[in-house]
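Structure record follows, encoded as structure tokens.
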Amino acid sequence: QNEEKWDFVLVSDIHEMGSEKEIKRKKFLDELSKKGFTIKKIEDTKLFYGVRAPQHIFWKYQSLLRNPNSRQRNSTAHQDVPVTTRIRIVHFILQNTVTSDFEKLHDLMKKKVFEAAFPLHKKEEIREILKKKWARWRVIFKKQPIEEIRCYFGEKVALYFAWLGWYTYLLVFAAVAGLATVAAGTTVFSSSQVSKEICDANNTIMCPLCDQNCSFWVLSDTCIYAKVTHVIDNEATVAFAMFMAVWATVFLELWKRERATVVTNWDLYRWDEEEEELALQLINNLQHEPQPYQHSYLRSTIVLILALLMIVVVIGIAHALVIYRAVAMALFMQSEVSLLNQRASTMAVMTGAVLHYITIVIMTKVRSHTGPWALLPLLEKPRTSSQRENNFAVKIFIFQFFTHFSSLIYIAFFLGRINGHPGHYVRIAGHWRLEECHPSGCITDLFIQMAVIMLLKQTISNIMEYLIPFVSHQLRKKQRHPKKRSMMLGEEEDAEDPCKRQWLNNYELNEVDVFSLFNEYLEIVIQYSFTTIFVAAFPLAPLLALINNVIEIHMDAIKMTRLRRRMVPRKAKDIGIWLQVLEAIGTLAVIGNGLVIAITSDFIPVQVYKYMYSPCTRENHTGMDCSTGYINNSLSVFRIQDFEPHTKAGMEWPELAPTELCCRYRDYRNADDYTYTVQFWHIFAARLAFLILFEHVALCVKLIAAWYIPDDPQKVKNQILQEKHSNLHNEL
């Protein structure tokens, strides 16, 4: 049975005797031997060193961190250190063992003295249970075995899956609400007066959408788009946005309760990470001095400046996408291909969205390999590993957030509002016109952009995330096996060491790094941002997220149990800094959705028209729809002779009405001097009023929900109270 008990395996290339690498390796292994470690060497195409820690290390750990309520235990309680704890302690000692040259394992791996260090996947009962109940597609709708995950991968991984499972479960309600919103849009609001007017506007001549090769066009051409827009831009969307703001709060509050229950069952409610790390440092080296807390305003300022620089770069990329869309629109309009020509604006939006997705992929790669992130830990000097991870998480999240949302923010709030008006367009480099909103409203552009990014991100990213580890695992196996056979032919008289096969199998798996779990969190948190922040423009986001997560949970499970080396189990009693990040997203969601309804959608202009300018205000029309005449009212008139001289070429005047030499465009401007009308300012004031009202109501409801649902269930509080009481009682 003893061969099963190796805690860690170190892998190294076979170096020449007396070479610098070989000497460094020997020094490191000697240090481990001094600490009482048992080391076993197996030679294959690489050198494998099995490492087993002496029992007294675990006894020290137990006596240092013993629970007060387990004081009565006798010395026989020394035996049962869980495997996860055992691996964690050995990993810590390996990482912090210093050779006589003042080098740690991390430095030796950089210098290629060692190639890998990993704990082993063992043929344990728990692993078989996980493979059967969790890491397969058949059990996709079953409850996750969180307790078994904890016993094999440690608390940190188990908490991630508990959180992801809880989030996925609550997404069901959001997805149903989103579907109901779209269903309401297609049924109740399908016969809307606004889209009817657009479809009937055969005589409304609109101004050209670009300078060259663009003719005047008739408003009724956009009939289908108007109907699609109205599916997502109606009264139901306002209610849905409000619902999502409350949903985000309720989700987090219920998760806090769930977490409290889970960690109490694991006896980690009052666990202190700092104490754990100090204990491990002292077990490793009795002369260890704790690192004091430090704070430097200069360092913080430099970190802030670096972070702002990265954000500026990302916003610059968003600007480049804006320029691309303006140029693409002009080029598509001049194209010979009829599809590009007729659908230029949609094609510009679609290709812009695909390009945006490509920049996201590229920036994610840049982020993971280089960038100022490498400098930040050196500048900040974090004390503990979790502090380092938290600092890193916040900065990377902000960077990723801007990468994903800069383009969406432009489309939602700036597109079509900063492009001037006919006869006086804003141009890039004095040449290309900034693009306008889609004729049926700006929310369509936002809908297309979000749909493209979410679909691409979830399909392509997920496929790559699964395929890359799968293919690389197969390749590693292929590279190894022929060599293994020739070895066995040559050494038939030797019985093969039972450990050898197991160690080789583990070595062939894909390596895990510190950020494997971090990347999973980041991916889901960014998805959560999509699900909440601009959900008013894309009510199907929660449904897409739900489908993605059900698949994601099982893909992660298969990766962890079958395709990757075993993760070093880490203890944790919460999901760390991610909770604060999720709370920040919840607040941003209220602001974002308020802005989308107030600024991007046509909800406010229609309401202002209904109550101030429609026929209903002048006389009592009971049977009449109050939004009758809205379209005509929302279009301004432009005289054709006022076009800039260089834009007249290529404009064909439609045959419908040669007498009226005017065209229409979306805006509220006077026909004579093109200044804003009074109605424009009325709508502006109404937008602001709605925004303030919506955000205050939504934030109040969020606060009430947070107060109404206590963070810790009564059961947990009473259990802890009872424990404190019995400890003191026994003490007396």
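What does a probe at LYS112 reach in the range 19-47, counting residues whose amide N is under 13 Å from the point 7 Å along Cα→Cβ? Those under the cut-off are 20-22. Counting Lys and Arg as +1 and Asp and Glu as -1 over every other residue whose Cβ lies under 13 Å from the Cβ of ASP712, the net charge comes to +3. Relative to one another, the C-alpha centroids of the range 222-296 and the range 557-579 are positioned 16 Å apart. I'd like the chymotrypsin sites (Phe, Trp or Tyr not before Pro) in the range 507-613 restricted to DSSP loop residues with at most 15 other Cβ atoms within 10 Å, sorted by number. Listed in order of number, the matching sites are PHE515. Extension gain for the segment GLN479 to ASP672, taken as residue separation times 0.36 nm less the Cα-Cα distance, is 61.7 nm to one decimal. Amide H contacts under 5 Å for TRP432: none, restricted to partners 5 or more places along the chain or on a different chain, H placed in the peptide plane at 1.01 Å from N. Computed from the C-beta positions of GLN641 and GLN607 and an R0 of 51 Å, the FRET efficiency is 0.90 to the nearest 0.05. Computed with a 1.4 Å probe over protein heavy atoms only, the accessible area of GLU619 comes to about 100 Å².
Across the range 549-564, computed HN-Hα scalar couplings (Karplus, 6.51 cos²θ - 1.76 cosθ + 1.60, θ = phi - 60°) run 5, 4, 6, 4, 4, 6, 5, 4, 4, 5, 4, 6, 8, 10, 10, 10 Hz from first to last residue, x flagging Gly and Pro. Note on exposure: GLU253, GLU147 ranked by accessible area (1.4 Å probe, complete protein assembly) read GLU147, GLU253, with the most exposed listed first. Note on the range 87-115 and the range 684-732: Cα centroid distance 44 Å, given to the nearest whole angstrom.
Other residues with beta-carbon under 10 Å from the beta-carbon of TRP163 carry, at +1 per Lys or Arg and -1 per Asp or Glu, a net charge of -1.
Straight Cα distances below 17 angstrom link LYS256 to the lysines LYS156, LYS573, LYS702, LYS715, LYS717, with same-chain residues fewer than 8 positions distant left out.
Using the Cβ-Cβ distance between PHE515 and PHE141 with R0 set to 41 Å, the FRET efficiency works out to roughly 0.85.
Quick check on the chain: helices-only [θ] at 222 nm, where DSSP H runs of length 4 and up contribute -39,500 (n - 2.57) each and the sum goes over total residues. Nearest 500, please. Numbers along the way, then the final one.
Numbers: 26 runs with 435 residues, N = 732.
Counting only the DSSP helices, I get -20000 deg cm²/dmol.
Report, as a whole number in µm² per second, the diffusion coefficient that Stokes-Einstein gives for the range 241-396 at 20 °C and 1.002 mPa s using the Kirkwood radius over alpha carbon pairs.
On the way: Rh = 21.0 Å.
Answer, rounded: 102 µm²/s.
In terms of distances greater than 21 angstrom between alpha carbons, the cross-link table entries LYS40/LYS131; LYS21/LYS41; LYS26/LYS477; LYS40/LYS571; LYS111/LYS478; LYS457/LYS571 yield LYS40/LYS131; LYS26/LYS477; LYS40/LYS571; LYS111/LYS478; LYS457/LYS571.
Specify whether the C-alpha gyration tensor of the range 191-328 places it in the rounded, prolate or oblate class, a ≥ b ≥ c being the square roots of the eigenvalues: rounded for a/c under 1.5, otherwise prolate if a/b is larger than b/c and oblate if not.
Numbers: a/c = 5.48, a/b = 2.03, b/c = 2.69.
Because a/c hits 1.5 or more and a/b fails to exceed b/c, the range 191-328 counts as oblate.
For the chain, CYS151, CYS499, CYS662, CYS700 have no disulfide-compatible partner, since no other Cys C-beta lies under 4.7 Å from theirs. Taking a point 7 Å from the Cα of VAL426 along the Cα-to-Cβ direction, the residues of the range 290-321 with backbone N closer than 18 Å to it are 315-321.
Assuming R0 = 41 Å, what is the FRET efficiency of TYR324 and HIS725, from their Cβ-Cβ distance, to the nearest 0.05?
0.05
At the residue level, ASP101 shows approximately 60 square angstrom of accessible surface with a 1.4 angstrom probe and all protein chains present. For the range 227-301, the calculated P(r), taken from all Cα-Cα distances in 10 Å bins from zero up to the bin holding the longest distance, is 13, 18, 18, 23, 14, 9, 4, 0 percent. Computed 3J(HN,Hα) for the range 449-460, one whole-Hz value per residue from the Karplus formula 6.51 cos²θ - 1.76 cosθ + 1.60 where θ = phi - 60°, is 4, 5, 4, 4, 5, 5, 5, 5, 4, 6, 7, 5, glycine and proline marked x. For the range 624-630, putting each phi into the Karplus relation 6.51 cos²θ - 1.76 cosθ + 1.60 with θ = phi - 60° gives couplings of 9, 6, 5, 8, 4, x, 4 Hz, in residue order, rounded to whole numbers and with x for Gly and Pro.
In the context of the full set of protein chains, the range 227-334 has a per residue accessible area of 51 Å² (1.4 Å probe). Using the Cβ of GLU435 as centre and a radius below 11 Å, the other residues enclosed give a net charge of 0, where K and R count +1 and D and E count -1. Simple spin-label estimate for VAL361 and ILE311 gives 2.8 nm between the two label positions (7 Å along the Cα-to-Cβ direction from each Cα). For ALA180 and ARG299, the difference between the fully extended length at 0.36 nm per residue and the C-alpha to C-alpha distance is 37.8 nm.
In the chain, what percent of the accessible surface is made up of carbon and sulfur (1.4 Å probe, ligands and nucleic acids excluded)?
Numbers: 22040 of 35550 Å².
Carbon and sulfur: 62 percent of the exposed surface of the chain.
Among the trypsin sites (Lys or Arg not before Pro) in the range 185-288, those located in a DSSP loop and surrounded by at most 16 other Cβ atoms within 10 Å of their own Cβ are ARG270. Kirkwood Rh over Cα pairs of the range 132-183 into Stokes-Einstein at 37 °C, 0.692 mPa s: D in µm²/s? The estimated diffusion coefficient comes to 262 µm²/s.
The orientation-averaged shadow of the Cα convex hull for the range 310-358, equal to a quarter of the hull surface, comes to 3.3 nm². Computed over the range 106-145, the P(r) tail beyond 12 angstrom holds 68 percent of alpha carbon pairs.
With the simple spin-label model, which puts each label point 7 Å out from Cα in the Cβ direction, the ASN419 to ALA584 separation comes to 3.3 nm.
The equivalent ellipsoid of the chain has semi-axes of 60, 30, 23 Å, largest first, where each one is the square root of 5 times an eigenvalue of the Cα gyration tensor.
Placing a label point 7 Å from the Cα of GLN387 along the Cα-to-Cβ direction, the residues of the range 291-306 whose backbone N falls under 18 Å of that point are 291-304.
The values are calculated or read from the model by the stated rules, or taken from the named source; none is laboratory data. Just so it is clear, the structure is predicted and the values come from calculations on it, not from any experiment. Cβ: placed from backbone, ideal geometry, glycine included. Neighbour counts: every protein chain shown. Just so you know, the surface numbers come from the protein's heavy atoms only, side chains and all, with ligands and any DNA or RNA stripped out. Shrake-Rupley method; radii C 1.70, N 1.55, O 1.52, S 1.80 Å.
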